[in-house]
Amino acid sequence: TCGIAEAPFLCSRCRSIRFCSASCQRISWPEHRPHCRTQAVSIEGGRPKYVTDETVGSDKCWIGITNADAFPGKDAATATTAKEARQLCAEKGFGGFVEFQGGCYLRAMTAWELRSAARPSPGSRLWLPSAELASACGPGRTIPDFSLVACLPEVQVAGAKAVEKRAAMPEDEMTKLFETSKPVVLTDAQVGWPSREKWTFDWLAEHYGDEELLCSDLAPFFKHHDRGRIQTVVTPMREFVRYILGEPNGLRAVQTSPQHVFYANGWTPFTEHYRLLGDVSDKLYCVQDVIPRGGNSQEFNNMLTKVFLGPAGTVSRLHHDTYATHVWLSQIRGRKQFICYPPTDSDMLHCTVDHECDGRTSLFDPSCPDFVKFPDAARASPYTVIVEEGETVVLPARWWHWAKSLTPSMTLMRNFVNEVNLQEYARIRQHACEVRAQRGRGSSGVVA
């Protein structure tokens, strides 16, 4: 290496040597590689790490900032594909490119200059190399380090009731909870799941490192409020894992504030990676779930089961799920606090209604309640519970929930239907189909 003391880049594979920059790491890699492999085995006890010969210091990892461009732009070249644009950037020393309407426009600016000049631009995506963004992080630099808060305290909610925790729940008792609209936490729903031992952040990065994740600093998306406020990026799984673990990464340089951490809350891996379902279950042992499986219905079924990933501090803002579906959320890793409200509190939560699919959202923040701005919320009846690793919270249809990861978190989520909400679900689905058909006829010039 160049010999600079206290260099900011620690090799994330062996953790025994530092580099002054991403380019220094790349230059040093041929010499460091044999030592790194030996050290990695001795430190990790033979456990494979996601950083490989092909990915350490490579130019393969790019971050795409959606609906963004850099102004004023200095177009230096064009390309027809993102792959071609990345190759040209590496050859010519350009700091990134903008993808817009099928073309790629290379910019003769550094990655950090492009990041600093980024502005909202609907339909554009600003692509920046992670390694160059990461070089802006370190002691005395724009971002002092890569670390994020590892553990957060529980939010205290005045007057909140506890959500009951149960084990060995019979299906008929569980159905009665849906009929009476009562939430519950199951402490034993993950018994027998291989994911309890197998799924770590390193394991996901090693096996699904190239998987592109959509990550946002506000979640879920509130379409009536978030345009121009939310930042959404596309990043490979391995880069997001580095971000979560506080290892050198480019995402940290894109983050706008300590409070606005990135959250990957939309990964639906089970259609493309069906074998992953063997590590978990999309049906809890005591929960009736009538969504069809197999055949033509399997893809739709798989889309209802998602994996949420993020560091401590990720927040799901107050909402209830669409189409009157029930939902369960199971903590594979980490702990998460839920603050919930019953459906009868909807009129008190100053909500916005999506009339097409019966979703509701609220800007009221139960972790920092503003009863001057949201006075009716003072009359609502909150429930709170910390869902520990291995536990699963089950929320009946239209239960409001706000959630915050108190540690780095990995959550398996599923929306589902049973005999209790089937008719209501079917009614809303039919209504949504009619609305979309009407909208389609209108946009085609047909009088609605």
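Structural remarks
- Inter-label distance, nm, simple model (7 Å from Cα along the C-beta direction), Arg436/Cys368: 3.7 nm
- Remark: the stretch 114-130, residue by residue, has Karplus-estimated 3J(HN,Hα) of 5, 4, 5, 8, 4, 9, x, 7, x, x, 9, 9, 8, 9, 10, x, 4 Hz, where x stands for each Gly or Pro and the curve is 6.51 cos²θ - 1.76 cosθ + 1.60 at θ = phi - 60°.
- Modelled label positions at Ser116 and Ser257, each set 7 Å beyond Cα in the direction of Cβ, lie 2.1 nm from each other.
- For percent of Cα pairs over 43 Å apart, calculated from these coordinates, the label among [x] 5; [y] 19; [z] 16: [y]
- Dipole of the chain, positive direction: furthest Cα of Val234, Ala380, Ala117, with charges on the beta-carbon: Ala117
- Gain in span if fully extended, Thr271 to Asp75, counting 0.36 nm per residue against the direct Cα distance: 66.7 nm
- Applying 1/(1 + (r/R0)^6) with r as the Cβ-Cβ distance of Val290 and Val234 and R0 = 41 angstrom yields a FRET efficiency of 0.75.
- Residues in the stretch 325-345 reached by a label modelled at Glu154 [backbone nitrogen below 13 Å; 7 Å Cα→Cβ]: 336-339
- When the C-alpha to C-alpha distance is required to be over 21 Å, the pairs from Lys165/Lys283; Lys161/Lys306; Lys60/Lys83; Lys161/Lys283 that qualify are Lys161/Lys306; Lys161/Lys283.
- The Val353 and Lys92 beta-carbon pair, evaluated with R₀ = 51 Å, returns a calculated FRET efficiency of approximately 0.50.
- Accessible-area composition of the chain, carbon plus sulfur, in percent [1.4 Å probe]: 52 percent
- Calculated accessible area for the stretch 258-387 comes out at 40 Å² per residue, all protein chains present (probe 1.4 Å; ligands, DNA, RNA ignored).
The values are calculated or read from the model by the stated rules, or taken from the named source; none is laboratory data. Not measured: the values here are computed from a predicted model. Please note: Cβ atoms are built from the backbone with ideal geometry, for glycine as well, and neighbour counts cover all protein chains shown. For the accessible areas, the whole protein counts, side chains as well, though only heavy atoms, and no ligand, DNA or RNA atoms are used. Shrake-Rupley method; radii C 1.70, N 1.55, O 1.52, S 1.80 Å.
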